[in-house]
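Peer 1: Let me give you the structure first, and then I'll get to my questions.
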Amino acid sequence: MLKVEKTAIEGVLLITPKRLSDARGFFVESYNAERFRAAGIADVFVQDNHSLSVEAGTVRGLHYQAPPRAQAKLVRVIKGSIIDVAVDARTKSPTYGKHVRALLSAENGMQLLAPVGCLHGFATLEPMTEVAYKVSDFYSAAHDGGVFWNDPALAIDWGIDPARAVVSEKDAKAVSFAEFRSPF
């Protein structure tokens with residue numbers, strides 16, 4: 001059983017799989033292609049990624065992969081918690097440039113589906129946070145891109161102090177949203 005919630009951006013979904021708990025802990029079927037299809041989610045995932053962020057306040061994003069290697073992402077937290085963000089980058093969308101943010105944690109078990117055409121990123125709220133996500137196409141360096149995570153034009157509340165954010169050199173040098181030329 002899946003709880004699927006629509007958000008303000010078409011195709012961005014919050015998904016909560018049923019969790020079976022007892023004295024030993026819990027069991028959850030985090031992904032089942034048949035159940036996802038039955039819920040109207042048709043993406044076929046081909047690669048699993050897993051990241052560890054040592055420090056709270058680590059930001060990864062805002063990333064995308066351009067067509068023909070564009071990716072949908074299904075994101076969940078294995079340990080810790082994050083603010084997860086999807087920004088609509090589909091030029092013909094009525095919500096172009098708008099974003100959805102959600103608190104995902106190991107405790108709440110929620111997942112975020114960022115469809116093709118959305119920028120994606122997250123900020124860790126706890127040290128030693130582990131994030132796992134499925135993608136619908138294989139990684140391609142030639143199609144990889146990013147937008148500056150803290151662009152004032154996007155007005156994203158990452159839930160962290162931006163001055164103390166831990167960011168990769170690549171993400172720190174990403175283009176602004178105004179400079180971004182969407183391939184979607």
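Throughout, read-outs are computed from the coordinates displayed, never taken from laboratory work. Computed from a predicted model, the values in this text were never measured in an experiment. Please note: Cβ atoms are built from the backbone with ideal geometry, for glycine as well, and neighbour counts cover all protein chains shown.
Peer 1: Okay, which of segment 43-61 sit inside 20 Å, backbone N to the point 7 Å along the Cα-Cβ direction of residue 173?
Peer 2: The answer is 59-61, whose backbone nitrogens lie closer than 20 Å to the label point.
Peer 1: Still on this structure: For residue 171, what charge total do you get from the other residues with a beta carbon under 12 Å from its beta carbon, if Lys and Arg give +1 and Asp and Glu give -1?
Peer 2: 0
Peer 1: What's the local net charge at residue 9, with K and R +1, D and E -1, over the other residues with C-beta under 15 Å away?
Peer 2: Net local charge, residue 9 excluded: +2.
Peer 1: Taking the Cα centre as origin and putting +1 on Lys and Arg beta-carbons and -1 on Asp and Glu beta-carbons, what dipole magnitude results for the chain, to the nearest 20 debye?
Peer 2: That gives a dipole near 400 debye.
Peer 1: Taking +1 at the Cβ of each Lys and Arg and -1 at the Cβ of each Asp and Glu, which of 146, 97, 4 sits farthest along the dipole of the chain towards its positive end, judged by Cα position relative to the Cα centre?
Peer 2: 4
Peer 1: What is the extension gain from residue 6 to residue 51, computed as 0.36 nm multiplied by their sequence separation minus the C-alpha to C-alpha distance, in nm to one decimal?
Peer 2: Full extension from residue 6 to residue 51 adds 13.6 nm.
Peer 1: A follow-up question, please. Rounded to the nearest 0.05, what FRET efficiency do residue 28 and residue 155 give with R0 = 30 Å and r taken as the Cβ-Cβ distance? Could you check?
Peer 2: Once rounded, the FRET efficiency stands at 0.35.
Peer 1: Under 19 Å from a point 7 Å along the Cα-to-Cβ line of residue 103: which residues of segment 137-159 have their amide N that close?
Peer 2: From segment 137-159, the list is 156-159.
Peer 1: Still on this structure, I have one more. What residue among 98, 134, 173 shows peak mean-square fluctuation when the chain is described by a Gaussian network model with Cα springs under 10 Å?
Peer 2: 173
Peer 1: For the chain, set up a Gaussian network in which alpha carbons nearer than 10 Å are linked by springs, and say which option among 56, 165, 33 fluctuates the most.
Peer 2: Greatest mean-square fluctuation among the candidates belongs to 33.
Peer 1: Is there a quick way to get the dipole size of segment 1-85? I mean about its Cα centre, with the Cβ of Lys and Arg at +1 and of Asp and Glu at -1; what is the value in debye to the nearest 20?
Peer 2: Charge dipole of segment 1-85: 100 debye, to the nearest 20.
Peer 1: Another question, then. Which whole-number percent gives the relative contact order of segment 32-99, counting Cα pairs below 8 Å spaced six or more residues apart?
Peer 2: Relative CO of segment 32-99 lands at 15 percent.
Peer 1: Using Cα pairs closer than 8 Å and at least 6 residues apart in sequence, work out the relative contact order for segment 108-184, in percent.
Peer 2: Computed value for segment 108-184: 36 percent relative contact order.
Peer 1: Full extension from residue 42 to residue 79: what is 0.36 nm times the residue separation minus their Cα-Cα distance, to one decimal in nm?
Peer 2: That works out to 10.6 nm of additional length.
Peer 1: Treating the beta-carbon of each Lys and Arg as +1 and of each Asp and Glu as -1, no other charges, what is the dipole magnitude of segment 63-122 about its Cα centre, to the nearest 20 debye?
Peer 2: Using Cβ point charges on Lys, Arg, Asp and Glu, segment 63-122 gives about 180 debye.
Peer 1: Let me check I've understood the local charge: for residue 154, count other residues with C-beta under 11 angstrom from its C-beta, Lys and Arg +1, Asp and Glu -1. What total comes out?
Peer 2: Net charge in that neighbourhood comes out at -1.
Peer 1: Given the -39500 (n - 2.57) contribution per DSSP H run of 4+ residues, what per-residue ellipticity at 222 nm results for the chain, rounded to the nearest 500 deg cm²/dmol?
Peer 2: That calculation yields -1000 deg cm²/dmol at 222 nm.
Peer 1: By counting other Cβ atoms within 10 Å of each Cβ, how are 100, 46 ranked from fewest to most?
Peer 2: 46, 100
Peer 1: Pull out the extension gain between residue 16 and residue 128, defined as 0.36 nm times the separation in residues minus the alpha carbon to alpha carbon distance; nm, one decimal.
Peer 2: Extra length available between residue 16 and residue 128 comes to 38.1 nm.
Peer 1: Take every Cα pair under 8 Å in segment 1-147 that's 6+ residues apart, average their separations, divide by the length, and report that relative contact order as a whole percent.
Peer 2: Answer for segment 1-147 is 34 percent.
Peer 1: Just how far, in whole angstrom, is segment 41-74 from segment 120-184 if you go by their alpha carbon centroids?
Peer 2: So the two Cα centres are separated by 10 Å.
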